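Read through the structure below, which is laid out as structure tokens, and then see the notes.
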């Protein structure tokens with residue numbers, strides 16, 4: 001994960017291991033603080049949200065992308081540009097419904113779980129990477145796109161892949177209005 | 001409340017420091033002595049984590065070391081006035097834990113404290 005540069009355009013990539021280990025320590029600490037998995041998940045989501053509402057500025061400043069004209073362009077942008085920029089992986093995008101406002105990002109490699117083998121038995125419903133959902137949700141909200149983001153499948157829980165579902169909450173026709 | 005959050009941050013840093021030092025020193029030779037370990041922390045470890053070396057290492061040769069970083073990465077984005085000085089320790093707590101965890105896995109028990117007198121330098 002990179003930090004936003006000061007005056008110089010330095011390569012501010014943080015050590016990947018530091019990042020992954022720190023995330024793990026964060027989740028472990030939350031597990032110690034909260035008994036219930038739902039509380040930990042909610043907390044991770046809140047933290048992700050706070051990060052997302054600020055990360056979007058960094059993303060827009062660094063990627064200089066043009067405005068997205070449709071939900072599917074937005075989903076592609078998240079998967080191909082944002083994920084690549086911050087996590088170094090590119091999930092594949094698929095649209096899961098006819099009205100075009102539900103998308104799935106399929107991650108076959110999730111760097112955050114590099115050092116995690118499996119969830120402990122008593123934490124079976126923990127969404128380890130729930131922070132990511134909060135980040136996406138917060139970032140989208142700052143560009144005036146309300147969305148619900150959640151994990152549909154999780155490799156840590158035994159599914160074949162890790163899948164993040166993004167559901168945009170407004171009908172696609174609304175996007176025809178000029179929005180900043 | 002403030003104290004508790006700093007303690008938690010420090011213990012998180014400790015865990016991360018332990019893991020990190022294991023991965024960094026997998027292939028390096030055994031350290032000759034304590035000073036060697038401290039130099040490793042100042043040069044290689046700090047560079048991997050913060051992309052720069054410690055600016056100044058002082059010791060009294062009796063087990064006390066002072067590492068000075070004049071442009072601590074986590075503090076550079078904060079204003080250099082006195083306003084936020086009291087909040088600086090929170091940002092340093094994680095790093096103190098990082099050092100303590102690293103040293104602990106290298107076989108050294110230690111107490112790590114941090115002091116900020118003028119941002120973004122810290123000891």
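Derivation of every value follows stated rules applied to the coordinates shown; laboratory data play no part. Values in this document were obtained by computation on a predicted structure and should not be read as measured data. In this analysis, Cβ positions are derived from the backbone assuming ideal geometry, glycine residues included, and neighbour counts consider all displayed protein chains.
Values for this structure:
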quantity: Relative contact order of the stretch B:2-68, defined on C-alpha pairs under 8 angstrom at six or more residues apart (%); calculated: 16 percent
quantity: Segment residue B:113-residue B:57, length gained on full extension (0.36 nm per residue, minus Cα span); calculated: 18.7 nm
quantity: Additional length obtainable on full extension of the chain from residue A:153 to residue A:114, 0.36 nm per residue less Cα span; calculated: 12.3 nm
quantity: Top of A:115, A:83, A:168 by mean-square fluctuation, Gaussian network on chain A, Cα under 10 Å; calculated: A:115
quantity: Proxy reagent accessibility, fewest Cβ within 10 Å first, across A:163, A:122, A:148; calculated: A:122, A:148, A:163
quantity: Theoretical ellipticity at 222 nm over chain A - DSSP helices of four or more residues, -39500 (n - 2.57) apiece, nearest 500; calculated: -12500 deg cm²/dmol
quantity: Distance between modelled label sites at residue A:58 and residue A:14, nm, 7 Å Cα→Cβ extension; calculated: 0.7 nm
quantity: Prolate/oblate/rounded call for chain A, Cα gyration tensor, a/c under 1.5 rounded; calculated: oblate
quantity: Separation in nanometres of the label points that stand 7 Å from Cα toward Cβ, at residue A:36 and residue B:105; calculated: 3.5 nm
quantity: The stretch A:26-146, relative contact order [Cα under 8 Å, separation at least 6], %; calculated: 42 percent
quantity: Rounded to 10°, Cα long-axis angle of helix A:37-63 versus longest principal axis of chain A; calculated: 40 degrees
quantity: Ascending count of other beta-carbon atoms within 10 Å, so fewest first, for B:96, A:133, A:31; calculated: A:31, B:96, A:133
quantity: Amide N of the stretch A:80-105 lying under 20 Å from the label point, which is placed 7 angstrom from the Cα of residue A:69 along Cα→Cβ; calculated: A:80-81, A:95, A:99-102
quantity: Gain on full stretching of the segment that runs from residue B:66 to residue B:22 - 0.36 nm per residue minus C-alpha separation; calculated: 13.5 nm
quantity: Helix A:130-142 vs. chain A, principal-axis angle (Cα, 0 to 90°, nearest 10); calculated: 20 degrees
quantity: Chain A: most fluctuating residue of A:158, A:52, A:138 per GNM, C-alpha cutoff 10 Å; calculated: A:158
quantity: Gyration tensor (alpha-carbon) shape descriptor, the stretch A:33-74, a/c threshold 1.5; calculated: oblate
